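The values are calculated or read from the model by the stated rules, or taken from the named source; none is laboratory data. Just so it is clear, the structure is predicted and the values come from calculations on it, not from any experiment. Cβ placement follows ideal geometry from the backbone for every residue including glycine, while neighbour counts extend to all protein chains displayed.
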Amino acid sequence: MSTPITQIRMSDYPGSRAPREIWQTTHDPLPPLKEGQVAARIDWVSIDPGMTAWITDKRGYMPPVRPGGVMRAFGVGEVTESRSENLAVGDWITGFLGVRSHGVFNDKDVRPIAVDMAAPELYLSGLGMTGYTAYFGMMDIGRPEAGETVVVSAAAGAVGSIAAQLAKNAGARVIGIAGGAEKCRYLTETLKLDAAIDYKSEDVAARLDALAPDYIDLYYDNVGGETLDLALERMKYRGRIVVCGAVSQYENMGNPQGPANYLQIVMQSVKMQGFTMRDYMHRVPEALVALAAGLEDGSLICRQHILDGIDSFPDGLELLLAGGNQGKLLIRINH
Ligand SMILES: NC(=O)c1ccc[n+]([C@@H]2O[C@H](COP(=O)([O-])OP(=O)(O)OC[C@H]3O[C@@H](n4cnc5c(N)ncnc54)[C@H](OP(=O)(O)O)[C@@H]3O)[C@@H](O)[C@H]2O)c1
């Protein structure tokens with residue numbers, strides 16, 4: 001008899017209904033393996049703000065999860081059965097493994113990871129898409145230079161914290177924006193950023209004026225909305241804005257608030273560029289080397305927030321969108 005597996009499915013697109021109602025746990029048999037496939041036990045699942053874009057039928061950067069389908073998620077797991085020439089039992093893999101305890105995958109859809117080099121879960125945080133996003137967004141698009149003033153929003157979060165440290169390591173003066181005193185202390189005391197702004201209790205405009213009186217060279221935007229507007233008003237001539245995400249707008253995906261004062265892009269010759277990791281998949285090895293070196297020598301710190309059990313997924317997604325996570329949000333399963 002095949003192993004029963006636990007999976008979280010999306011019953012319908014959220015629409016106006018509370019997202020919690022759309023999640024259903026099912027127990028299903030593991031499908032038999034075909035040629036070129038592996039079965040894997042999944043130990044870690046990543047919860048990402050981008051999931052909100054995967055559960056809407058609006059045009060996105062990849063096809064949406066279909067109603068009734070298993071929720072898409074990055075994961076890491078160990079191969080338990082193989083009919084692949086490229087992956088053997090005992091190998092570890094990552095990719096879109098889904099919110100599930102076990103699964104069967106085409107070998108071409110997953111990537112092997114070296115768990116002798118780093119703990120498996122790190123391939124979902126500092127050494128995974130989170131780290132790569134921070135790396136390419138900051139180092140390839142943002143290109144911070146010594147002495148520049150760089151502002152990062154959601155700076156205590158998974159991507160933001162790595163992006164901010166990369167800018168700091170490049171010699172820039174880095175101001176992080178985050179929600180709450182604990183996160184702001186983390187930014188200045190642990191990550192050694194030059195300043196932190198608590199957008200939940202401080203006047204962000206006044207603090208930016210005080211901390212960046214000569215304006216902002218580079219704004220790494222994770223939140224969009226009002227904070228993007230405040231940064232736009234304060235960009236230096238020929239400043240750069242990296243649009244990594246807009247988490248403040250993800251509960252309103254159908255009608256996100258755009259920048260009101262976008263004419264500043266014209267008046268200050270600002271370059272504003274968005275991206276997703278699909279632009280950079282061919283350069284992952286470069287990011288992996290740089291991030292692994294930073295984590296190894298301590299110049300990069302990566303904090304993880306761990307939930308236990310696959311059933312914590314609905315709460316976890318809500319926690320993430322409410323800012324309750326302290327670092328990369330992960331679910332530990334199967335151990
Ligand atoms: N372009 C890409 O390829 C790519 C890939 C991965 C992630 N991203 C984007 O990167 C950003 C960060 O993602 P992450 O995975 O690192 O998550 P994260 O920052 O670890 O978690 C999300 C954080 O967003 C903040 N937040 C939530 N609601 C907010 C609001 N209304 N206004 C301001 N901040 C809010 C919260 O921090 P506070 O407590 O500070 O509010 C929360 O902790 C997201 O926009 C995500 O979509 C982009």
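Here the condition is being part of a strand (DSSP E or B), within 14 Å of the ligand (Cβ to nearest atom) and in contact (Cβ under 8 Å) with a residue 12 or more places away in the chain; of L329, L320, it holds for L329 alone. Which residue out of M1, M62 is within 16 Å of the ligand (Cβ to nearest atom) and either modelled with pLDDT under 90 or at positive phi (or both)? Going through M1, M62 in turn, the sole match is M62. Test R100 against the stated conditions and say whether it is within 16 Å of the ligand (Cβ to nearest atom), surrounded by 19 or more Cβ atoms within 10 Å (Cβ to Cβ) and of a type outside the set (A, V, I, L, M). No; evaluated as a whole, the condition is false for this residue. Among the residues of segment 250-257, is any free of Cβ contacts under 8 Å to residues at least 40 places away in the same chain and of a type in the set (G, A, S)? No, that holds for no residue.
Within the set D109, D57, the sole residue that is modelled with pLDDT of 95 or more, under 22 Å from the mean Cα position of the chain (by Cα) and within 30 Å of C244 (Cβ to Cβ) turns out to be D109. Among the residues of segment 93-113, are any in a strand (DSSP E or B), without any contact (Cβ under 8 Å) to a residue 40 or more places away in the chain and aliphatic (A, V, I, L, M)? The answer is yes; a qualifying residue exists. Applying the criterion of being assigned to a helix (DSSP H, G or I) and among the hydrophobic types (A, V, I, L, M, F, W, C) to the residues of segment 136-162, the residue that is nearest to Q273 (Cα to Cα) is I141. Regarding segment 291-304, can at least one residue be identified that is more than 8 Å from the ligand (Cβ to nearest atom) and at positive phi? Looking for residues that are more than 8 Å from the ligand (Cβ to nearest atom) and at positive phi, one finds at least one in segment 291-304, hence yes.
Among the residues making up segment 46-60, those that are over 21 Å from R332 (Cβ atoms) and crowded, with 18+ Cβ neighbours inside 10 Å are T52, A53, W54, I55. Of all residues in segment 203-256, those that are within 15 Å of the ligand (Cβ to nearest atom), farther than 19 Å from Q165 by Cβ and either of a type in the set (D, E, K, R) or not assigned by TED's automatic domain parsing to the domain that holds T133 (or both) total 4. Assess whether G160 counts as being in contact with a Cys (Cβ under 9 Å, 6 or more places away or on another chain), under 28 Å from K200 (Cα atoms) and not aromatic (F, W, Y). Taking the combined requirement at face value, the residue satisfies it. From the set of residues in segment 143-162 that are within 9 Å of the ligand (Cβ to nearest atom) and touching a strand residue (DSSP E or B) at 6+ places or on another chain (Cβ under 6 Å), which is nearest to R303 (Cα to Cα)? Once the filter is applied, the top-ranked residue is A158. Evaluating A146 against the criteria (1) assigned by TED's automatic domain parsing to the domain that holds I197; (2) surrounded by 20 or more Cβ atoms within 10 Å (Cβ to Cβ) leaves one unmet condition, (2). What are the residues in segment 166-187 that are more than 13 Å from the ligand (Cβ to nearest atom) and touching a residue at least 60 places away in the same chain (Cβ under 8 Å), if any? Correct list: L166, N169.
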